[in-house]
Amino acid sequence: MEIFLDYLWVFLIGGLVCAFGELLIITTNITSARILVTFVLIGVFLEAVGLYDYISDFAKAGINVPIVGFGASLAKGAIGAVKTHGFLGIFTGGLTATAGGIAAAIGFAFLFALIFKSHTKK
Amino acid sequence: MEDKKRNEAYNKYIKAKIPKTKPWPSLFNSFWVGGLICVIGQGINDFYLWVFPNISQQTGWSLTLITLIFIAAFLTGIGVYDQIGKFAGGGSIVPITGFSNSITSPSIEFKSEGIIYGICVKMFTIAGPVIVFGVASSMVVGLIYWIISLF
Amino acid sequence: MKTGQKTENSFESKQTIRLKNQPKIIGSYAIVGPKEGKGNFADFFDYVMKNDFFGEKTFEKAERKMLESAITGVIQNAKLQPKDVDLMIAGDLLNQIISSSYAARAFQFPFLGLYGACSTMAESLAIGAVLVDGGFYQNIVCCTGSHFSTAERQYRFPLELGNQRPPTSQWTVTGAGASIVSLQGDGPKITTVTFGKVVDWGINDVNNMGGAMAPAARDTMLAHFRNTKTGPDDYDLIVTGDLGKLGSEILIDLMEDEGITLGMNYCDCGQTYFRRDQKTLCGASGAGCCATVFNSYIIKKLNEGEYHKVLFMPTGALLSTTSSQQGDTIPCVCHAIVVEK
């Protein structure tokens, strides 16, 4: 029963975050690049003020899977690295924490670009 | 001057004339598709934690995101992701899968211009700003924490 | 300086030209992609491609091949030989109009490249008709085309990106149309030509081309009616290019403000191009849109005698991605030709 409740939270919060993105698209007609940037900045902000961990505790994938989570890891990485490495952490922290995601995105994009060809929209 | 007035009036007229789409169906679609993607992510995460009980929370999430990125890149390659996007809008843009799609789609599209000038150069035409803004803002946050830590 | 002298074929304003010798459109040919081949004009096209690649490796090469086969087709349709063609006037939507130039390379005709965006078909026919009327050339090929996939990646986003199209957006037609203008032979006559001015009413939404282009159509239509002393009722059909659903409604409103009512004889190629269930939102657009409709449906109906006098006036949005990213508004143009049985 508890696991079901967990997944329900994930669904509801993830869905609401995405619906908020859609609302921005409908009302302001912005492009997907701007949507992604907006949500990354929201994530960075939430982590910087320390709110993110509270949300992530009960929302789990509902907030980690949206790109907000990507922004939060960038900020979290920077903060953590500053604590351990001092000044250098400002530069190394963000990318170190997100290296897996970025490398995966680049690597798989390159791989599939070599394999597949673009399809015309129907 | 008169032109300016006419243009303003015309823009106002156009704004009123543009067909209004009903927001609720598209909001609903992006809600449930977005929610579903997050649930799939949670499922993948729980699966990894079950198979490898010794890994940390952080590692589990990294593996989950990488898996989702892989799935989205593959769906982009076979031409399915743009159809999901057409239906779900924000529901498939906001999750990390949308980020993966925005890197894979220009790579595939510009393959015809070669590997270096096509795939590699155009890879970040859409997702570039995301990384630039993300990294730059994380540096700002790091800088603020560093200054605070001095006192 | 006014000389007070009027030549035989001049109107009040030099913007409209009457063609004394009435050059004829002796051949026409339209080739379209698979989606267009399922649209409302499906029965009229000469050739429907099986897929968008047309047997080529890239979409750009496919667009080029489409123009080439339209030209080959139109020469056959007019029962001519390639050596009979004196001049080729063509244009398309790609940067540096590469599709037209490469197609011209294949034929070795003297070549004039045009860019009038989606109005290119009327522009090329108008220039071709004027040159033939002046007796400078015998047979001129006029050709225009566009391809959904090449236009999409040049002006908008990669095909595989999962984004939604705004409700005012239009679907670029994959297709090419070609005509041959000549003094000898049979076919509908081009009698009057009005070249349009560039009109910009301050729209900068690149997803609302209809709204941006409607004022250009209004400007040319008013000039044409004024100069020729005609009205909408003098034509069996008044047809604009790709204003789309929204743009054509705007044009009707704008003309209403000027006291001119566009009735049942007005239609827009873009609005009527696709069936409703094909989900193209505001309709079709692109240089190929009016080019394929003109060279199939309109010419056939003129030849069959269903229409006697058609005012063909496609509009074009003369923007580039650079200008729109720099925040400029969209300048538009509209050229009109009158075609009579």
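Tabulated results
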| read-out | value |
| --- | --- |
| From the options B:G89, B:G41, residue that is within 14 Å of the chain's Cα centre (by Cα) and under 27 Å from A:H119 (Cβ atoms) | B:G89 |
| From B:L49, B:L65, residue being within 17 Å of the chain's Cα centre (by Cα), more than 8 Å from chain C (Cβ to nearest Cβ) and part of a helix (DSSP H, G or I) | B:L65 |
| Within region A:96-118, considering residues that are assigned to a helix (DSSP H, G or I) and farther than 15 Å from B:A127 by Cβ, the one nearest to the other protein chains (Cβ to nearest Cβ) | A:G100 |
| Spans of helices (runs of 4 or more DSSP H) in region C:194-303 with at least 2 residues polar (S, T, N, Q) and away from chain B (no Cβ under 14 Å) | C:209-228 |
| All helices (runs of 4 or more DSSP H) inside region C:70-185 with 1 or more residues being polar (S, T, N, Q), closer than 29 Å to A:I30 by Cα and in contact with a Leu (Cβ under 9 Å, 6 or more places away or on another chain) | C:148-155 |
| Filter result for the condition that a residue is touching a residue at least 24 places away in the same chain (Cβ under 8 Å), more than 7 Å from chain B (Cβ to nearest Cβ) and aliphatic (A, V, I, L, M), over A:V68, A:V40 | A:V68 |
| Pairs with Cβ under 6 Å, 6+ apart, first in region B:75-96 and at the interface with chain C (Cβ under 8 Å from one of its Cβ atoms) and assigned to a helix (DSSP H, G or I), second of a type in the set (V, I, T) and open to solvent by less than 10 Å² (accessible area, probe 1.4 Å) | B:T76/B:T104; B:I93/A:I35 |
| Lone unmet requirement of (1) in contact (Cβ under 8 Å) with a residue 60 or more places away in the chain; (2) open to solvent by 20 Å² or more (accessible area, probe 1.4 Å) for C:D43 | (1) |
| Condition check for C:I17: aliphatic (A, V, I, L, M), in a strand (DSSP E or B) and either at positive phi or open to solvent by 30 Å² or more (accessible area, probe 1.4 Å) (or both) | yes |
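To keep it simple, each residue is scored yes or no on (1) open to solvent by 60 Å² or more (accessible area, probe 1.4 Å); (2) closer than 27 Å to B:V33 by Cα; (3) touching a strand residue (DSSP E or B) at 6+ places or on another chain (Cβ under 9 Å).
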residue: A:A33; (1), (2), (3): no, yes, no
residue: A:A48; (1), (2), (3): no, no, no
residue: A:A72; (1), (2), (3): no, yes, no
residue: A:K83; (1), (2), (3): yes, no, no
residue: A:G93; (1), (2), (3): no, no, no
residue: A:L111; (1), (2), (3): yes, yes, no
residue: A:L114; (1), (2), (3): yes, no, no
residue: A:T120; (1), (2), (3): no, yes, no
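The values are calculated or read from the model by the stated rules, or taken from the named source; none is laboratory data. Since we're looking at a predicted model, the values are computed, not measured. Here Cβ is always computed from backbone atoms with ideal geometry, including for glycine, and neighbour counts include all displayed protein chains. Ligands, DNA and RNA are stripped out before the accessible areas are found, and what is left, the full protein with its side chains, is counted by its heavy atoms. Shrake-Rupley method; radii C 1.70, N 1.55, O 1.52, S 1.80 Å.
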